[in-house]
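The values are calculated or read from the model by the stated rules, or taken from the named source; none is laboratory data. Small disclaimer: the values here were computed from a predicted structure and weren't measured. With ideal geometry, Cβ positions are generated from the backbone for all residues, glycine too; neighbour counts draw on all protein chains shown.
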Amino acid sequence: MNPMFARAVAILRTMVPFGTLLLAVALAGVPYGIPLFGPVTPFFALIAIFYWSIHRPEQIPAVAIFGIGVLQDLITGGPPGSIALLLLLVHALAVSQQRILLGQSYLVEWAGFALVALGAAVVGWLLACVYNTALILPWHFLVQALLTVALYPAATTILTPAARWSRAPEPA
Amino acid sequence: MRPIGGRIGRLAVPLRVLAQRFALLLLVGASIALMITAKGEHWAVERVRTAVMDVVAPVLDVIARPAQALNNATEQVSQLAFVYRENERLREENDRLRAWQSTARRLETENAAFRALLRARPEPGVTYVSGRVIGDSGGPWVRTLALNAGESDGVRKGSAVVTGDGLVGRVVESGDRSSRILLLTDLNSRVPVVVESSRYRAILEGDNTDTLKLSFVIPADEIRVGDRIVTSGSGGLFPAGLPIGDVTAIKDGTALVTPLVRFDRLEYVRVLRFDFPGMEADNPRGGR
């Protein structure tokens, strides 16, 4: 194989997690036109962050997570920093539980994600209330979390082969 | 004796972990600081947001098209099932509208004559810029939409955004090629309105749900379910008389208004521009 081409493919493979995060952000901003769907659009980036934090934490540095979160905030019109904060907290939690979750059955991983997603919904709702200094009804946050949890198996059917193809960056 | 490289290697791992934790803490702090800065409506945040949206808008535009095409297709299929009933309804509506048209023509002539008699100051002319919805708020935080038209098309911050059904919201950020609309249903939306029949003034507030609340002051017996709510024109931001919604319930003295616009089905919207008589429009291209 041409060394230049091989190098480009190698770089591309290290960029897979970041690419899926960008895709997740883009999917969050799409107007789906489904009745009542807008405020409860699944938190796609949360799925990607949790998955990569468990399976390839070395490939998603905190700076990249912060950037992705801020980008989603800027695209969707939310308070800049809010999604970044949630994603960083989820990343920290998932990495700390990596040893427990890795190697367990898929159901355990899914249950772990469900807990994290519901926790993120509660924290997100509290943040929204504090930010707006108003008591916002929590239902949209909870329904969004449930939809995100329901979507996890479908998302991992794409992320798992992506993780196999991807590989960690070579040490400098 | 152990090699020095091995000792350094053993030290480097905890140091790297420590550095990663420190970076994480720093970024969590940066996120909070960013939220506080944004809360203060700092001009830099708005500038960055509009610049990013200008760059991302073409990408969102492309991604949004398949979703909207799919929606249109499903809408058309579902409408096929009701085409006969819909046709009957439209016929009846057409008859009713023709009657209203002749009334409107007569009133228009009368109105012009009375205005001339009174030497009334003419109402500001309204032109518009059309744009396609390319972005949603994608979650429960805010109720906004992104539009593929910006300042270069004549969109201005603060302008009213409408569809054929009624008021959608207002432009809160305007980049060069894209803009962001704050929907009526957003928690931060406040619109001066008037009850069409009684002419009582009020403020219409969003609360991140699908209904709107009338605040201020209308005596309870002066407002009824079914009353139409329209813009009052106070403040000069919106033209007067834009339809917004109907009162659908009155709970604990608060009137709940259901908007006429279906926010989840929006594809194209119009951004209104005031062009006062004698003033030259900023954008010679006018409507788009």
Selection from the stretch A:127-144 of residues more than 18 Å from A:Val40 (Cβ to Cβ), part of a helix (DSSP H, G or I) and more than 8 Å from every other protein chain (Cβ to nearest Cβ) yields A:Val130
Here are the criteria: (1) crowded, with 18+ Cβ neighbours inside 10 Å; (2) under 30 Å from A:Ala145 (Cα atoms). Tell me which single one B:Arg177 does not satisfy. (2)
Residues A:Leu115, A:Leu12, A:Leu71, A:Leu88: which one is in contact with a Phe, Trp or Tyr (Cβ under 9 Å, 6 or more places away or on another chain) and outside any loop (DSSP other than H, G, I, E, B)? A:Leu88
Taking B:Ile250 as meeting all but one of (1) surrounded by 17 or more Cβ atoms within 10 Å (Cβ to Cβ); (2) at pLDDT 85 or above; (3) more than 19 Å from A:Leu36 (Cβ to Cβ), write down the number of the exception. (1)
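Select from the stretch B:45-69 the residues that are in contact with a helix residue (DSSP H, G or I) (Cβ under 8 Å, 6 or more places away or on another chain) and either farther than 12 Å from B:Ser174 by Cα or polar (S, T, N, Q) (or both) and list them in ascending order.
The answer is B:Val45, B:Val56, B:Val59, B:Leu60, B:Ile63.
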Checked against (1) surrounded by fewer than 21 Cβ atoms within 10 Å (Cβ to Cβ); (2) assigned to a strand (DSSP E or B); (3) within 14 Å of chain A (Cβ to nearest Cβ), B:Asn188 satisfies every condition except (2)
For the stretch B:117-153, give me the residue count where each residue is surrounded by fewer than 23 Cβ atoms within 10 Å (Cβ to Cβ) and among the small types (Gly, Ala, Ser). 4
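To keep it simple, each residue is scored yes or no on (1) in contact (Cβ under 8 Å) with a residue 24 or more places away in the chain; (2) closer than 28 Å to B:Arg21 by Cα; (3) in contact with an Asp or Glu (Cβ under 6 Å, 6 or more places away or on another chain); (4) at the interface with chain B (Cβ under 8 Å from one of its Cβ atoms).
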{"position": "A:Leu74", "(1), (2), (3), (4)": "no, yes, no, yes"}
{"position": "A:Ala92", "(1), (2), (3), (4)": "no, yes, no, yes"}
{"position": "A:Val95", "(1), (2), (3), (4)": "yes, yes, no, no"}
{"position": "A:Leu107", "(1), (2), (3), (4)": "no, no, no, no"}
Would you mind stating whether A:Pro31 is more than 8 Å from chain B (Cβ to nearest Cβ) and not in a helix (DSSP H, G or I)? no
Selection from the stretch B:52-76 of residues free of Cβ contacts under 8 Å to residues at least 60 places away in the same chain and farther than 20 Å from B:Leu266 by Cβ yields B:Val52, B:Val55
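Looking at this structure, is B:Leu256 under 30 Å from B:Ala69 (Cα atoms) and either surrounded by 15 or more Cβ atoms within 10 Å (Cβ to Cβ) or among the β-branched types (Val, Ile, Thr) (or both)? I'd like the intermediate steps shown before the answer.
Working: under 30 Å from B:Ala69 (Cα atoms): no; either surrounded by 15 or more Cβ atoms within 10 Å (Cβ to Cβ) or among the β-branched types (Val, Ile, Thr) (or both): yes.
So B:Leu256 fails the test.
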Among residues of the stretch B:211-224, those that are assigned to a loop (DSSP other than H, G, I, E, B) and at pLDDT below 90, counted: 6
Scan of the stretch A:35-50 for residues that are of a type in the set (Phe, Trp, Tyr) and either surrounded by fewer than 24 Cβ atoms within 10 Å (Cβ to Cβ) or within 10 Å of chain B (Cβ to nearest Cβ) (or both), ordered by number: A:Phe37, A:Phe43, A:Phe44
Scan A:Ser53, A:Ser82 and give me the residue that is over 24 Å from B:Val56 (Cα atoms), of a type in the set (S, T, N, Q) and within 14 Å of chain B (Cβ to nearest Cβ). A:Ser53
